[in-house]
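Trainee: Here it is, the structure, as structure tokens.
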Amino acid sequence: MVKEGRERAFVKRFSGENTALPGSDPYPALRIAAEALVLVEKGSSERAAVAQVVAANPALREHRREALDLVLGTLTQLDTVDSCVQTALPKGTLNRRELALSRLVCHIVLGIPGHSPRFELVKAFRALAQGSFRPQLEYLLGVLSALGPDKIWNGRVDVDRVAFRTHHPRWWVEYCFRLFGRSEAVRLLAASPRPRYVRVNPLRNRGRTSLPSKLKSLQNLLRSVESVPEVYTSSDKGAVSNLSPFYSEGLFQVQDLASFLAVKAADPRPGEKVLDICAAPGAKTGAMAQLMKNRGRILSLDYSLPRMKTWRNEMARLGVKIADPVVEDASSIGAVGSFDLVFVDPPCSGTGILDRNPRMKWRLSPQLVERYSRLQTRILNGSAKLAGPDGRILYCTCSLAVEENEMVVSAFLRNNPDYETRPILEGLGSPGLLGIRDCRRFYPHRERTAGYFIARLERLN
């Protein structure tokens, strides 16, 4: 009976009933979301797509947040949504705009108990549908009134049911089952969205990490993380937005807790020489400069000119004065000197941050994970010659896959026998897998952070 109760709760949590529905006048948010989904299909990120649509239609600006929630929700549940679209409409007959609207309609309607949308929603759907597509839209709405996720899941094997209920690719569910066991994997895949984390920037706050006096009014909204007191979070969605004016001044930095803990594990010190590999858009460079009290030197390396433009803007906002940019491919770093700390945060599959980037999970594959693993191994091996005699290397990813984490570190240690892992962040997170227990892992369902892996490597004395 207890098991059945948990299963029912599980189904309810992931059946779409928590969908954020548009307001009393749904048309503006739906219009933004539908157009943004077209851009996402062409390759844009969710946030960039919404921003582009709003930039072209400034009058819709106040509906930006609502539209982004709809886009993220649709892409999070893309497997269920596409199954419903394919059930109702002939495959291959929809253009990009019609497909985007169909997906959005499915996401919203399946989130309504009984699947009966109010008149304002139906009216808005019809207004967005191009003339020849309206009959298909009406048919889709009719099918959705009788079709629910339960009917999609019926008769499927356990892995497929979990995949549909948690909205993840089947191969990734199988992977997590093998790596963590079914029970732990289900909790991981079903993790609630993690909170936003913010820190006071001491470079803009007289060296302090506590809330400045002018923000005492926000003390009831923000609370300090017990294990890392300089990091704040909030259960109030509006709290972070209330910080916007102060964020523009550089007083605050938004950074996931696990990402900041990677910087803490690296232990950058005032006066040191640091190389930040794959540095853009600059969150970790900024955090390191803060811990270094703007004393020393940071060389920030990234291959992307647009991302480095963002990096420059972020350093100016935060008041970082010790960091210099270098545009270069991290997989073939030239002779840039010897460093006290080499910080390696390479490109990865992002399986630890799929909650914020849902489009990514439908483009992932085992082959892509393997390609990232080879790139990461090449970058980490290259970093060995850049650390000084008493230098250290910090390696981290926002991936949960062992191929990108423990296996990369193991390969590095085989190729560089003069290095070893060192204990870090004791009492926080979980030990690494595959016997590499000095490394730390962070999981969304346990720590409410991004899924993260952190390893510190130092030369043997």
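Trainee: Using the beta-carbon distance between Leu305 and Leu460 and R0 = 25 Å, what value does 1/(1 + (r/R0)^6) give for FRET efficiency, to the nearest 0.05? Each step should come with its number before you reach the end.
Mentor: Details: r = 39 Å, r/R0 = 1.56.
In this case the efficiency is close to 0.05.
Trainee: Kindly rank 102-112, 33-43 from highest to lowest mean number of other beta carbons found within 10 Å of each residue. Each step should come with its number before you reach the end.
Mentor: Values: 102-112: 23.7, 33-43: 21.1.
Ranking, from highest mean packing down: 102-112, 33-43.
Trainee: Can you list residues whose amide H is under 5 Å from Tyr303's amide H, if they're 5+ apart or on another chain and H is modeled 1.01 Å from N?
Mentor: Hits under the 5 Å cutoff: Glu328, Ala330.
Trainee: Okay, moving on. For the charge dipole of the chain, defined by +1 on Lys and Arg C-beta atoms and -1 on Asp and Glu C-beta atoms about the Cα centroid, which residue among Ala55, Ile112, Leu215 has the Cα displaced farthest towards the positive pole?
Mentor: Leu215
Trainee: Picking from Ser224, Val198, Tyr247, whose Cα lies most toward the positive end of the charge dipole for segment 197-248 (charges on Cβ: Lys, Arg +1; Asp, Glu -1)?
Mentor: With unit charges placed on the Cβ atoms, the residue in question is Tyr247.
Trainee: How long are the three semi-axes of the equivalent ellipsoid for the chain, computed from the Cα gyration tensor as the root of 5 times each eigenvalue, in whole Å, largest first? Numbers along the way, then the final one.
Mentor: Working: eigenvalues 333, 137, 87 Å².
They are 41, 26, 21 Å, listed from largest to smallest.
Trainee: If you don't mind, there's one more thing I want to ask. Return the whole-Å distance between the Cα centroid of segment 56-88 and the Cα centroid of segment 400-457.
Mentor: 36 Å
Trainee: Set the Förster distance to 56 Å, then compute FRET efficiency between Leu434 and Asn220 from the Cβ-Cβ distance, nearest 0.05. Don't skip to the end; give the middle numbers.
Mentor: Working: r = 44 Å, r/R0 = 0.79.
Result of the calculation: an efficiency of 0.80.
Trainee: Could you work out the helix-only [θ] at 222 nm for the chain, with each DSSP H run of four or more residues adding -39,500 (n - 2.57) and the total divided by the number of residues, to the nearest 500 deg cm²/dmol?
Mentor: Details: 21 runs with 213 residues, N = 461.
Mean residue ellipticity at 222 nm (helix-derived): -13500 deg cm²/dmol.
Trainee: Starting from the Cα of Asp324, step 7 Å along the direction of its Cβ; do the same at Phe119; then give the gap between the two resulting points in nm.
Mentor: 6.9 nm
Trainee: Hey, what do the phi angles of segment 287-299 turn into as Karplus ³J(HN,Hα) couplings, whole Hz, using 6.51/-1.76/1.60 and θ = phi - 60°, x for Gly and Pro?
Mentor: Each residue's phi maps through the Karplus curve to give 5, 5, 4, 5, 5, 7, 6, 6, 10, x, 8, 10, 9 Hz.
Trainee: A further question on this structure: Which entries of Lys321/Lys361; Lys273/Lys309; Lys216/Lys293; Lys321/Lys385; Lys42/Lys309; Lys42/Lys321 have Cα-Cα distances beyond 28 Å here? Don't jump to the answer; show the numbers that get you there.
Mentor: Working: Lys321/Lys361 37 Å; Lys273/Lys309 23 Å; Lys216/Lys293 25 Å; Lys321/Lys385 26 Å; Lys42/Lys309 23 Å; Lys42/Lys321 38 Å.
As for pairs spanning more than 28 Å Cα to Cα, those are Lys321/Lys361; Lys42/Lys321.
Trainee: What is the antiparallel percent of DSSP beta bridges lying wholly in segment 257-459, to the nearest 5? If you can, show how the numbers build up before the last one.
Mentor: Numbers: 14 of 33 bridges.
Antiparallel: roughly 40 percent of the beta bridges in segment 257-459.
Trainee: Sticking with this one: When ranked by the protection proxy of mean other Cβ atoms within 10 Å per residue, highest first, what sequence do the peptides 161-174, 395-408, 206-219, 58-71 form?
Mentor: Values: 161-174: 20.5, 395-408: 24.6, 206-219: 11.9, 58-71: 17.8.
The most tightly packed comes first, giving 395-408, 161-174, 58-71, 206-219.
Trainee: Looking at the chain only, what percent of DSSP beta bridges run antiparallel? Nearest 5 please. Intermediate results must be reported in sequence, preceding the final value.
Mentor: Numbers: 23 of 42 bridges.
Counting only bridges with both partners in the chain, antiparallel ones make up about 55 percent.
Values quoted throughout were computed directly from the atomic coordinates according to the rules given, and no laboratory measurement underlies them. Just so it is clear, the model here is predicted, and its values are computed rather than measured. As a convention, Cβ positions derive from the backbone with ideal geometry for all residues, glycine included, and neighbour counts pool all protein chains shown.
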